[in-house]
1. For the subset of region B:22-71 comprising residues that are modelled with pLDDT of 85 or more and not in a helix (DSSP H, G or I), which member is farthest from the other protein chains (Cβ to nearest Cβ)?
2. Go through (1) buried (at least 20 other Cβ atoms within 10 Å of the Cβ); (2) modelled with pLDDT of 90 or more one by one and return the number of the condition A:Y85 breaks.
3. Of all the residues that make up region A:126-159, how many are within 7 Å of chain B (Cβ to nearest Cβ) and over 15 Å from B:L20 (Cα atoms)?
4. Only one of (1) part of a helix (DSSP H, G or I); (2) at pLDDT 90 or above fails for A:G52. Which number is that?
5. Of all residues in region A:99-137, which are part of a helix (DSSP H, G or I), of a type outside the set (A, V, I, L, M, F, W, C) and touching a residue at least 60 places away in the same chain (Cβ under 8 Å)?
6. From the residues in region A:1-27 that are farther than 14 Å from A:L59 by Cβ and at the interface with chain B (Cβ under 8 Å from one of its Cβ atoms), which one is surrounded by the fewest Cβ atoms within 10 Å (Cβ to Cβ)?
7. For region A:29-48, indicate whether the set of residues that are within 19 Å of B:L32 (Cα to Cα) and either at pLDDT 95 or above or within 12 Å of chain B (Cβ to nearest Cβ) (or both) is non-empty.
8. Under 8 Å between Cβ atoms, at least 6 apart or on separate chains: pull out the pairs that start in region A:1-17 with a residue that is hydroxyl-bearing (S, T, Y) and end on any residue that is part of a helix (DSSP H, G or I).
Amino acid sequence: MSASEFKDGLIKEIPNLRAFAASLSGSMQLADDLVQDTLLKAWGNSEKFEPGTSLRAWLFTILRNTYYSLYRKRGREVQDSEGTYAERMATHGNQESHLDLADFRKALAKLPEEQREVLIMVGATGLSYEETAEICGVAIGTIKSRVNRARTKLAELLSIGSLDDLGPDRKSAAAMQRVGSEIVGL
Amino acid sequence: MSDADTAMDDSDGGESELMLDPKVQESIGRSLKAHYDDIVNAPVPDKFLVLLAQLEATEHRAVGAFPDERK
């Protein structure tokens, strides 16, 4: 693989690296620093990449290792001082889904790291369970159980644990409280 | 039903795909994609392309400086 082919491969993966880095770190600014470090390391170690294997999985491994060794602590500090990207980031999707997306990101940021990363990898990046297991250095069964726990926790955080029962009940309970306080107010 | 589900969750038995309503899973899946694709579809900052162009140029210069290594 020539240097220019390798470069083109890296360029194609930048959007995915940014999305994964943002999901890990919770900050777009940290995400871009992380992507830059990842690109530099990838370039310096290009001879270690085996052509024919997944460049995305290889780059995600570098990015993830870099995050856990250098960025994790910084991520928490940035979140503490600036709030998570969920609250600040401009969205590029349609306006209608904007609020839902912000809520979802806040919930996602509350998941334990080990659950969040696998949920993103399996649910959004197009990586297989096998690739995800390899990137994280754990068994496939562990990935499956983390994904399950992540989904359950998200549903809980977003109050969609049981769409049919809980949702309407909570809404009406809240409505009744409002009515109650209005009555008391009178 | 919810008691049994909670028990399964706590036991952490691995294969417990039935814990969540499929509709809930679907909704979470859609939100995950929306979150991720939103960033994937955002414009890529120029600095990354500049960085890679610089790295490539440095490599070319290095090869040029040691013509013997070109073979």
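1. Quick first cut of region B:22-71, residues modelled with pLDDT of 85 or more only: B:22-58.
Among the residues that remain, those that are also not in a helix (DSSP H, G or I) are: B:41-45.
Numbers: B:N41: 6, B:A42: 5, B:P43: 8, B:V44: 5, B:P45: 6 Å.
Checked region B:22-71; the qualifying residue farthest from the other protein chains (Cβ to nearest Cβ) is B:P43.
2. Condition (2) is where A:Y85 drops out.
3. We begin by selecting, within region A:126-159, every residue within 7 Å of chain B (Cβ to nearest Cβ); these are A:141, A:144-145, A:148, A:151-152, A:154-155.
Right, trim to over 15 Å from B:L20 (Cα atoms) and you get A:141.
Selection size over region A:126-159: 1.
4. (1)
5. If the condition is that a residue be part of a helix (DSSP H, G or I), of a type outside the set (A, V, I, L, M, F, W, C) and touching a residue at least 60 places away in the same chain (Cβ under 8 Å), then A:E113, A:R116, A:E117, A:E131, A:E134 are the ones that fit.
6. A:S4
7. Yes, region A:29-48 contains at least one residue that is within 19 Å of B:L32 (Cα to Cα) and either at pLDDT 95 or above or within 12 Å of chain B (Cβ to nearest Cβ) (or both).
8. Here the result reads A:S4/B:E56, each pair linking region A:1-17 to a residue that is part of a helix (DSSP H, G or I).
The values are calculated or read from the model by the stated rules, or taken from the named source; none is laboratory data. Owing to the predicted nature of the structure, the values given are computational and were not obtained by experimental measurement. Don't worry about glycine lacking a Cβ; one is built from the backbone with ideal geometry, like all the others, and counts go over all protein chains shown.
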